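Quick notes on the structure that follows.
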Amino acid sequence: TLHSYSQLVLSPYCYTTTSPPHRLQLLDFVDDLTDVINAAHGNPQDQYAFGQCADVLYRASGVFIDWLYGEHGAPASLIELPPSGAPYFDLPPSEILPTGMEMYEGALHLISTLFGPESDPPGDFNATATVDSDDMAFLLDCFEGPGAVVPAFPIGCFAADLDGDGRVTLLDYSIALNGFEVFSN
């Protein structure tokens, strides 16, 4: 979600300073996103910071990223847009386009991180143009058994749901295995 102001990239939880179960993975997730946004920003004197919402900003209940993570196990981030101080909520018109470009780069990064790069064949999670043993190992790390609903996808396992049913199952493994067999022969 996008908010203003403060130039922050925040992870769950917002309602408490208690660490979420995947705290380190979530912090890595927002750290990477922050790096992408800061690279697009280009001003080393005025960079975005990152951290757990309640620790870096303040505690707040009813925040969408807490619901996404708590209810669905989805990695989520709350981005506080510029400025980092005065003029507070009144972003100067000259900063609107640069802020949009930062968010565009951030959105592309999120899509790639959460859903994996577009791959042909399906299952090329590391984008090497082949389905290799590293791809199969990633899928197996995400696999929770036949037909099991994954209660909380680890960060990045969304990409392993190749058939898009919200589960990492034998069907996803079969789809990836077909690609693996084609490239390993």
From the option list 94, 77, 174, single residue qualifying as farther than 22 Å from residue 36 by Cα, among the polar types (S, T, N, Q) and at pLDDT 70 or above is 174
For a quick check of your reading of the model, give me the residue pairs whose first member lies in the range 17-44 and is more than 22 Å from residue 7 (Cβ to Cβ) and free of Cβ contacts under 8 Å to residues at least 60 places away in the same chain, whose second is hydrophobic (A, V, I, L, M, F, W, C) and surrounded by 12 or more Cβ atoms within 10 Å (Cβ to Cβ), with beta-carbon atoms closer than 7 Å and at least 6 apart or on different chains. 20/26
Condition first: modelled with pLDDT under 65, part of a loop (DSSP other than H, G, I, E, B) and not small (Gly, Ala, Ser). Can you find one or more residues in the range 139-147 that meet it? yes
Top-ranked residue of the range 1-26 - restricted to ones that are of a type in the set (S, T, N, Q) and in a loop (DSSP other than H, G, I, E, B), ranked as surrounded by the fewest Cβ atoms within 10 Å (Cβ to Cβ): 18
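Checking the structure you have, find out if any residue of the range 86-101 is free of Cβ contacts under 8 Å to residues at least 24 places away in the same chain and within 18 Å of residue 10 (Cβ to Cβ).
Pass one, the range 86-101, residues free of Cβ contacts under 8 Å to residues at least 24 places away in the same chain: 86-87, 90, 92-97, 99-100.
Now restrict to residues that are within 18 Å of residue 10 (Cβ to Cβ): 99.
The answer is yes, given that some residue of the range 86-101 is free of Cβ contacts under 8 Å to residues at least 24 places away in the same chain and within 18 Å of residue 10 (Cβ to Cβ).
The values are calculated or read from the model by the stated rules, or taken from the named source; none is laboratory data. From a predicted model like this one, the values you see are computed outputs, not experimental measurements. All Cβ positions, glycine included, derive from the backbone under ideal geometry; neighbour counts span all protein chains shown.
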